[in-house]
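Below is one structure, written out as structure tokens; the observations come after it.
The values are calculated or read from the model by the stated rules, or taken from the named source; none is laboratory data. As the structure is a prediction and not an experimental result, all values here were calculated from the model. Neighbour counts are summed over all protein chains in view; Cβ atoms, including those assigned to glycine, are modelled from backbone coordinates with ideal geometry. Each accessible area value is taken on the protein alone, full model and side chains, heavy atoms only, with ligands, DNA and RNA left out. Shrake-Rupley method; radii C 1.70, N 1.55, O 1.52, S 1.80 Å.
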Amino acid sequence: MSGKYEEMERKWQKRWSDAGLCLSDRSDAPKFMLIFAYPGVTGYLHVGHMRGYTYADAIGRYMRSLGMNVLFPVGTHATGNGAISLAKRIAERDPATVEYMLDNGCPPEKLEELGDPMAVVEFFNGVYRDDYWRRFGFLSDWRRFTCTLYPDYSKFMQWQFRKLMDAGLLIQKPYYAPACPSCGPVAVDPSETDISKGGNAETNEYTLLKFACGDLFLVAATLRPETVYGQVCFWVNPDVEYAKIRKGGEVWVVSEPAVGKLVQQMDGIERIGTVRGRDLIGKMCSAPMAGRDIPVFPAGFCDPDVGTGLVTSVPSDSPDDIVSLMALKADPGYAAGFGISEEMLESVVPISIIKMEGYGELPALDIVTSMGIKEPGDPKLEEAKKTLYRDGFHAGVMKDVCGEYAGMRVSDAKDAMRDAMIASGDAEIFRDLSEEVVCRCGKPVHIKRIDDQWFINYADEALTARADANASTMKISPPEYANNVHGVLSWFRERACARLGNWLGTRFPFDERWIIEAISDSTLYPLYYTVSHHANEGRITPDQMTEAFFDHVFLGRGDRGAVSEETGVPAALLGEMAEDARYWYPLDLNIGGKEHMTVHFPAFMFNHAAIVPDRMLPRGIMVNWYITGKSGKISKSKGGAQPIPGAAGKFGVDGMRLYYAHIASPFADVEWDEDAVMSYAQRLDRILAFVGELAGMSGPGKPIDGWLLSRMSTHNSAARAAMEGYDVRQLAMAAYFDAYSDLRWYVRRGGRDPGTIREAMRTWITMMMPITPHMAEEMWEAAGFDGLVSAALLPEPSGHSPAAEYGESLVRDVISDISKISRMIGSGSGKVSLFTYQSWKGDVVRKALSMMGPEGVPIPDLTKECMADPEMRKMGKAVPDYVRAVATDLRRLPASVVEAKVAADEYAILVEAAGFIGSELGCEVSVMPADDPAAREASGGKHVQAVPGRPAIVIS
RNA sequence: GCCGAAGUAGCCAAGCCUGGUCAAAGGCGAGAGACUCAAGAUCUCUUCCCGCAGGGGUUCACCGGUUCGAAUCCGGUCUUCGGCACCA
């Protein structure tokens, strides 16, 4: 099975290449430039990724068939530490990694070379380019391939950042980032590119509350600073040894793990000793803002790894606290062991502080009661906390006991109270990850303060306005995203754009310690593709790519001679490149997966808006959703569910391309389904065989020829209209389903005219070329056309004939009605007699059409008008009855549809088709005009049932 | 929580913006027939329910509204999914 298609595919790919279809150069023709957002090379891709890439190639090919000069460059993104860690794991012969590489088709001997990060990048560049994109028959200009780690690309990137600096969009300020102690800042996200554990962790912003206790401060971390008025006691884990640290002039008590986190975020912290948790219990401490002294109680749930390992207790609104307090009170003996008297224990009672809809005085008590939570450590506490917080945050209101915050909504009070406590020195901010995060290198990741972090200021108002205006003029699909993108642009704020640490990427031009971050270095790059081949082919070197060079080539600045002088690039070549950029830009279409909607696409728009002039602003964005696995996303990191070359061998590239194009709207996730892919592949085989049959046919011309040409013209127009909005699926529908089934009908109907067939096939095969180019070439050849269909133009729609299409639909309706009747009456398929409508009915319809106003047909007027005709008057009350029917029809159907019914010569159509209808149904068919007196006789009176578009049928 | 998207016949999936030709495309699956030594290949027909003359009935998450007319417009309810920022 494997390899069934491969040889054929390679043959055509070579022919395309030989014909120069992969060389996109400036010409006089209108241009179309498109890209897909290049992928990161952090491993093998899976079959799902080919979906969006296939849309791109199909759209590019379609634009070629309209005569456009198309540029469709590809590249890869390798910034980051993905390649570093993969190379490291390969070098260490990590078993899972080796298995992953081999399973995906990496030759075992190749592993030897992949201990070096750049070797890994180059290896995958080859895989992506050759095993994925070339293998799929993409007509890309391979000379222009680029990668974010190439030296010339870096020069471009540094130029981009200089332009951002010139525009005043680079700023520095402190930033809190997840960071590894040895690798520097890392990305914490579910794809776990940088980390080996904890991709779902979130950064929580805790408020550190300081409780004076003798000469110490017990420091609790809370996510709910608005509850301080409800503090009634303080929790310390008796079995934990806490650290004492000096902070400014104070001595703080926090857990040991918290010290390590705090030093990354605060200056001047010095660890000076320890204190046992149990030694603190039973003391009193002073609760901030609440202004009361509260006792320190023991609690096992205080986890030294969470926050500071010390917890303030608000039993009114914290399920944990209420449960622990009740447990403590239920066991006075335990408390006594810590020197806590029963009086002290009983003096601690919850204070109601927040009024919440659906809850009583003590919301926490209500929820633990209703959820049946009885003891500390119950796993349901997590959910209880979430529910309570959600219900209270928006709807809750602070009660009178909360001083100046009484009456405030919880959501407002939270920030106000936190800020007030920070201002008074009672509190500080502390950020911590919600779960354990481990770097790829094995070290724990924590939040680190970076004082001089560089940002791109996407919050800049002028920039946002410019990007927003551009977005309004762009062709963006789906339309939901076109609406949404404005919100995304205004929601975008400053974005960290460079990082420190062991990373592959471009050096930040204003400070070599920094490396430009992975999203920021891939926003303006389509512009670079317009000249990248000059660098790839050695006509210019990275050294020559100075600021003046790019300013001149891309922005038309500076004197050409002077730039040539400075860079050593010949003036003629500079001119070439400037022309290239001017010709190809703006980018017409950028296609990317839905994950780009809130990250890459807005950054792409912003950076263009910041740097290039209006005439170079991008024109289109298309978002595609995913192909998923049976259980969620097909995972790249979990090892390819289905290596792409293997799938291509099994189904054929075109079977897969058709699957992507047609299985569903691009704007919906689809589950990968091998049976469906196989069935598309078989459909292509079938179509190819059918093309062979068609090519060998000959026979006389018939009325059905006109019908076929009209249908093809209709499909051609429909496909063109759909592709205006890049709707590849509609194109597939028109070509592989609608046109195919019409051609089958044509043959079934006895059509054999070689001229008609050839004309139809020229359009048909060209319509298939964008989606299934290899098979289309096979068909093109089988049909006897010269040259390559990949280079052919889609014929203009012509030969559209509504009358021909109507006539054939009448025949099909009649066949359908006859077969339905015969099925109903069971057996009797003998003779079928058809009676066309009485001519006066046609007159009624024509009169109705002429009298139709905006309110429809005036029934009384029309009736009067008809009854004035002496011939019609003879028909009696059949006339007003029919007038009503016509009026109803005209309200439901467009006038043109009704008009077609009376314009057609039904009798002639049915007489011509009688033989065919008879052979289809296995019966004898006769046709009679209802006006014929003999027909009246023969129909037994049934002829009166006939109306335009629906002859009377009598089966005998 | 915030923002966004979606719920259509056995399954997948069009249609919804621009209300009527919608019992609702197409594919898959299933059934019948044809062709064949045969077939998982191909072709034809059927596939919500009822009906011995082309018909009728009840449907497009649920409830209500607008309209001569709603899968399509409006309001509400329930459910599912995605994004929420140094992952392209």
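Could you identify the single residue in A:ARG539, A:ARG582 that is open to solvent by 10 Å² or more (accessible area, probe 1.4 Å), part of a loop (DSSP other than H, G, I, E, B), closer than 22 Å to A:ARG144 by Cα and away from RNA strand B (no atom under 16 Å from the Cβ)?
Values: A:ARG582 fails: part of a loop (DSSP other than H, G, I, E, B).
Of A:ARG539, A:ARG582, the one residue that is open to solvent by 10 Å² or more (accessible area, probe 1.4 Å), part of a loop (DSSP other than H, G, I, E, B), closer than 22 Å to A:ARG144 by Cα and away from RNA strand B (no atom under 16 Å from the Cβ) is A:ARG539.
Of the conditions (1) over 21 Å from A:PHE301 (Cβ atoms); (2) open to solvent by less than 70 Å² (accessible area, probe 1.4 Å); (3) within 13 Å of RNA strand B (Cβ to nearest atom), A:PRO174 fails just one. Which one is it? Of (1) over 21 Å from A:PHE301 (Cβ atoms); (2) open to solvent by less than 70 Å² (accessible area, probe 1.4 Å); (3) within 13 Å of RNA strand B (Cβ to nearest atom), only one is false for A:PRO174: (2).
With the condition kept exactly as written, say whether any residue in the stretch A:104-118 is outside any helix (DSSP H, G or I), under 19 Å from A:GLN642 (Cα atoms) and touching a residue at least 40 places away in the same chain (Cβ under 8 Å). Yes, some residue in the stretch A:104-118 is outside any helix (DSSP H, G or I), under 19 Å from A:GLN642 (Cα atoms) and touching a residue at least 40 places away in the same chain (Cβ under 8 Å). A:LEU500 meets all of the listed conditions (1) of a type in the set (A, V, I, L, M); (2) more than 12 Å from RNA strand B (Cβ to nearest atom); (3) open to solvent by 20 Å² or more (accessible area, probe 1.4 Å) but one, namely (2).
Yes/no per residue for (1) surrounded by 12 or more Cβ atoms within 10 Å (Cβ to Cβ); (2) at positive phi; (3) at pLDDT 90 or above; (4) assigned by TED's automatic domain parsing to the domain that holds A:MET761:
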{"position": "A:GLY784", "(1), (2), (3), (4)": "no, yes, yes, yes"}
{"position": "A:ILE821", "(1), (2), (3), (4)": "yes, no, no, no"}
{"position": "A:LYS831", "(1), (2), (3), (4)": "yes, no, no, no"}
{"position": "A:LEU834", "(1), (2), (3), (4)": "yes, no, yes, no"}
{"position": "A:TRP840", "(1), (2), (3), (4)": "yes, no, yes, no"}
{"position": "A:CYS866", "(1), (2), (3), (4)": "yes, no, yes, no"}
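Within the stretch A:398-431, being farther than 23 Å from A:ALA212 by Cα and not in a helix (DSSP H, G or I) holds for A:MET398, A:LYS399, A:ALA406, A:GLY407, A:MET408, A:ARG409.
Count of the stretch A:886-910 residues, restricted to those that are of a type in the set (Val, Ile, Thr) and more than 9 Å from RNA strand B (Cβ to nearest atom), is 4. Of all the criteria given as (1) outside any helix (DSSP H, G or I); (2) surrounded by 12 or more Cβ atoms within 10 Å (Cβ to Cβ), the one not satisfied by A:LEU849 is (1). Exactly one residue out of A:ALA482, A:ALA467, A:ALA459 is surrounded by 19 or more Cβ atoms within 10 Å (Cβ to Cβ), within 15 Å of RNA strand B (Cβ to nearest atom) and either of a type outside the set (Lys, Arg) or in a loop (DSSP other than H, G, I, E, B) (or both), and it is A:ALA467. Tell me yes or no: at least one residue of the stretch A:750-762 is open to solvent by less than 30 Å² (accessible area, probe 1.4 Å), of a type in the set (S, T, N, Q) and either within 11 Å of RNA strand B (Cβ to nearest atom) or in contact (Cβ under 8 Å) with a residue 60 or more places away in the chain (or both). No, the stretch A:750-762 contains no residue that is open to solvent by less than 30 Å² (accessible area, probe 1.4 Å), of a type in the set (S, T, N, Q) and either within 11 Å of RNA strand B (Cβ to nearest atom) or in contact (Cβ under 8 Å) with a residue 60 or more places away in the chain (or both).
This table checks each residue for (1) within 30 Å of A:LYS443 (Cβ to Cβ); (2) of a type outside the set (Lys, Arg); (3) buried (at least 21 other Cβ atoms within 10 Å of the Cβ).
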position	(1), (2), (3)
A:THR148	yes, yes, yes
A:PRO178	yes, yes, yes
A:ALA187	yes, yes, no
A:ASP194	yes, yes, yes
A:LYS197	yes, no, no
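Scanning the stretch A:219-241 for residues that are under 24 Å from A:TYR176 (Cβ atoms) and not polar (S, T, N, Q) gives A:VAL219, A:ALA220, A:ALA221, A:LEU223, A:ARG224, A:PRO225, A:GLU226, A:VAL228. Can you tell me which residue within the stretch A:485-497, out of those that are surrounded by fewer than 19 Cβ atoms within 10 Å (Cβ to Cβ) and not polar (S, T, N, Q), is farthest from RNA strand B (Cβ to nearest atom)? Ranking the qualifying residues of the stretch A:485-497, first place goes to A:HIS486. Figure legend. Inter-residue proximity from the stretch A:469-497: first residues at pLDDT 85 or above, second residues open to solvent by 60 Å² or more (accessible area, probe 1.4 Å) and of a type in the set (Ser, Thr, Tyr), beta-carbon distance below 6 Å, spacing 6+ or different chains. Indicated pairs: A:VAL488/A:THR598; A:ALA496/A:TYR175.
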